[in-house]
Amino acid sequence: MSKVEASLVRRGNCGAAEGMKSFIAVLRGPDHIFEFVNAAHREAFGDRGLIGKARADVFPELNDQGFADAPRKAFMTGEPVFMRDKPARFDDAPQGQPARRRLDISYEPMRDSRGAVSGLFVQGRDVTAISAHPLEHRAVAQGLEMLTDAELLTLFLYHGTLDADSADRADHLLRRFGHLGGVLSASLPSLQQIVPNAQSTTSRSVSSSAALHLKLARELGRRILFTDIAARPVLANASSLRTYLRALLASEPREKFLVLFLDQAHQLIALETLAEGTVAHAPVYSREVVRRALELSASGLILVHNHPSGSDVISKSDLDITAQIGRAAAALDINLIDHLVVAGTKVVSFVDRDLLPRSVGRR
């Protein structure tokens with residue numbers, strides 16, 4: 001075995017799931033000519049005398065199953081292409097291997113000395129034999145609502161990675177971010193690299209795919225809640241508004257200042273973030289709020305900001321900025337309806353606490 005081949009074998013085995021061999025291949029040129037495959041590739045798919053032959057000629061049955069488009073796209077764009085849990089049917093499967101299988105495959109472009117794409121590094125694994133996670137049986141039999149936060153997160157990560165360490169990763173995520181809301185609100189980089197625990201010297205990373213799926217879950221939930229508050233006049237839908245704001249801001253690590261811009265019927269025109277700051281302050285200026293209200297032809301405003309500390313104490317600076325915005329808005333016949341503060345699981349209303357200046361209160 002050459003040094004290059006040995007290097008490729010080490011690269012293919014690196015990061016493979018324990019007990020699961022990672023097959024690799026090197027394809028050259030736009031016709032994807034096989035230049036090298038490792039032993040795991042030959043064991044999985046048979047030899048087929050493939051060295052020196054085009055991929056499309058060696059595996060013709062795969063051409064209409066999506067396995068032609070993926071390597072072509074990777075070669076043409078120079079960007080990696082990934083296929084996860086992809087069904088595949090083989091007309092000439094090796095002895096002992098099923099004809100219908102599920103594969104995880106990545107196609108990573110390889111470049112020559114001039115930077116042009118010259119080939120593809122192919123890596124994958126056969127995930128046909130991976131069974132359903134034990135939590136799936138409970139979820140089906142009892143319902144998802146019967147699972148704990150840790151169990152829900154475990155099952156979600158498992159489906160994002162097919163990784164047996166999902167429970168361990170879920171535990172690290174919950175320790176790092178405190179609770180499920182904190183996990184869903186965390187940034188992609190922080191999700192992808194989890195701080196190790198005191199007994200470990202190895203960081204627990206979450207794959208880009210799983211991290212992205214966590215963010216997708218939060219965004220899907222946010223949009224469902226937003227649709228509800230946008231469908232009716234905001235003041236007639238106060239409970240849904242508070243639920244939405246808690247979901248949006250309760251786990252944010254830094255203070256944000258948002259404004260709901262409303263029409264004369266108190267229907268939502270827009271909800272915009274006008275300032276992001278530190279853990280204790282988000283600078284906002286009354287002239288910016290009023291200018292934006294004029295641009296949107298808004299008749300009413302609801303101010304919103306969060307307290308990352310979870311404290312529901314209204315500070316002097318909270319009162320001051322509310323009064324400033326209220327006066328500036330009133331001068332242009334724009335009504336300041338309320339100021340809501342998200343503090344952990346609570347949503348504090350200036351109106352409910354009789355903190356809104358009398359001259360600019362709800363009409």
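The values are calculated or read from the model by the stated rules, or taken from the named source; none is laboratory data. What you see is a predicted model, and the numbers here were worked out from it, not measured in a lab. No Cβ is skipped: glycine too gets one built from the backbone with ideal geometry, and neighbour counts run over all protein chains shown. Note: areas computed on protein heavy atoms with side chains; ligands, DNA, RNA excluded. Shrake-Rupley method; radii C 1.70, N 1.55, O 1.52, S 1.80 Å.
Regarding the range 229-240, can at least one residue be identified that is crowded, with 18+ Cβ neighbours inside 10 Å, among the β-branched types (Val, Ile, Thr), without any contact (Cβ under 8 Å) to a residue 60 or more places away in the chain and assigned to a helix (DSSP H, G or I)?
Yes: the range 229-240 contains one or more residues that are crowded, with 18+ Cβ neighbours inside 10 Å, among the β-branched types (Val, Ile, Thr), without any contact (Cβ under 8 Å) to a residue 60 or more places away in the chain and assigned to a helix (DSSP H, G or I).
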- Message: Against the definition (in contact with a strand residue (DSSP E or B) (Cβ under 8 Å, 6 or more places away or on another chain), surrounded by fewer than 18 Cβ atoms within 10 Å (Cβ to Cβ) and not in a loop (DSSP other than H, G, I, E, B)), how does Arg254 come out, yes or no?
- Response: no
- Based on what the data block shows, is Arg28 farther than 18 Å from Gln97 by Cα, surrounded by fewer than 18 Cβ atoms within 10 Å (Cβ to Cβ), modelled with pLDDT of 55 or more and basic (Lys, Arg)? yes
- Task: Check the range 260-283 and report whether any residue there is in a helix (DSSP H, G or I), touching a strand residue (DSSP E or B) at 6+ places or on another chain (Cβ under 7 Å) and open to solvent by 60 Å² or more (accessible area, probe 1.4 Å).
- Result: no
- Message: Tell me the residue from Val279, Val313, Val290 that is out of contact with any Cys (no Cβ under 9 Å at 6 or more places or on another chain), among the aliphatic types (A, V, I, L, M) and at pLDDT below 90, please.
- Response: Val279
- Here are some conditions: (1) among the basic types (Lys, Arg); (2) assigned to a helix (DSSP H, G or I); (3) at pLDDT 85 or above. Arg138 meets all but one. Which one does it not meet? (3)
- Item | Selection count, the range 129-153, where residues are open to solvent by 50 Å² or more (accessible area, probe 1.4 Å) and among the β-branched types (Val, Ile, Thr) | 2
- Task: Could you tell me which of the residues Ile302, Ile325, Ile337, Ile321 is closer than 24 Å to Ala236 by Cβ and part of a helix (DSSP H, G or I)?
- Result: Ile325
- Message: Being open to solvent by 20 Å² or more (accessible area, probe 1.4 Å) and more than 35 Å from the chain's Cα centre (by Cα) is the filter here; which residues of the range 43-61 pass it?
- Response: Glu43, Asp47, Arg48, Gly49, Ile51, Gly52, Lys53, Asp57, Pro60
- Look at the range 84-109 and say how many of its residues are open to solvent by less than 60 Å² (accessible area, probe 1.4 Å) and part of a strand (DSSP E or B). 10
- Pairs with Cβ under 9 Å, 6+ apart, first in the range 111-122 and touching a residue at least 12 places away in the same chain (Cβ under 8 Å) and within 22 Å of Asp69 (Cα to Cα), second open to solvent by 50 Å² or more (accessible area, probe 1.4 Å) and among the polar types (S, T, N, Q): Val117/Thr77
- Looking at (1) surrounded by 17 or more Cβ atoms within 10 Å (Cβ to Cβ); (2) part of a loop (DSSP other than H, G, I, E, B), which is the one condition that is false for Asp64? (1)
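Might you let me know whether the range 50-70 holds any residue that is in contact (Cβ under 8 Å) with a residue 40 or more places away in the chain and not hydroxyl-bearing (Ser, Thr, Tyr)?
There is no residue in the range 50-70 that is in contact (Cβ under 8 Å) with a residue 40 or more places away in the chain and not hydroxyl-bearing (Ser, Thr, Tyr).
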- Item | Failed criterion for Asp112 (all others in (1) open to solvent by 40 Å² or more (accessible area, probe 1.4 Å); (2) more than 21 Å from His213 (Cα to Cα); (3) under 27 Å from the mean Cα position of the chain (by Cα); (4) not β-branched (Val, Ile, Thr) hold) | (3)
- What residue, of Ser297, Ser286, Ser309, is surrounded by fewer than 16 Cβ atoms within 10 Å (Cβ to Cβ) and closer than 21 Å to Ala270 by Cβ? Ser297
